[in-house]
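This report concerns only the one structure given below.
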């Protein structure tokens, strides 16, 4: 994996989100965390062996692959937060109930419709493979969580990101 390429692409995605979301009706910190997490999940979804070409975008697909891959993606995100941003994650705070949907103004299909094609352009621009594409999305997610940590609880942000990863890994994205 070429981290430099993933980091460069992450910068482009971050700027795209900043320009397109900030100041709109979906401009919430929760939505900003959710979007790159959904995109990371969607890139993983595209690698699943059963990738359903006959289903419409937005269809929910439950799979063992998603059940296996989401925790791996979450661990990568958590490791980025700990290693790159020195954020301490407290397991007890992760276990607390949080109404995360209250913080999100888009669903996974809307994220796919609004951002997947733009992210695919960024992926092509930098010649990223799937793993680098996922890493770029997770880097953006971690950067946003870090940037808002003084005004929004890191653990709530992580839960929102986890929900985004699940949503992306279980929702048919646009092609």
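We did not get these values from a lab; they are worked out from the coordinates using the rules stated. Here the structure is a predicted model, which is why all the values come from computation and not from measurement. Please note: Cβ atoms are built from the backbone with ideal geometry, for glycine as well, and neighbour counts cover all protein chains shown.
Overview of values
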read-out	value
Residue among 170, 93 that alone is on the phi < 0 side of the Ramachandran plot and more than 14 Å from the chain's Cα centre (by Cα)	93
Matching residues in region 62-86 - criterion: being within 19 Å of residue 144 (Cα to Cα) and within 18 Å of the chain's Cα centre (by Cα)	73, 74, 75, 76, 77, 78, 79, 80, 81, 82, 84, 85
Among residues of region 136-165, those that are over 20 Å from residue 102 (Cα atoms) and surrounded by fewer than 19 Cβ atoms within 10 Å (Cβ to Cβ), counted	2
Where residue 150 falls short, out of the listed (1) over 18 Å from residue 18 (Cβ atoms); (2) out of contact with any helix residue (DSSP H, G or I) (no Cβ under 9 Å at 6 or more places or on another chain); (3) not in a helix (DSSP H, G or I)	(1)
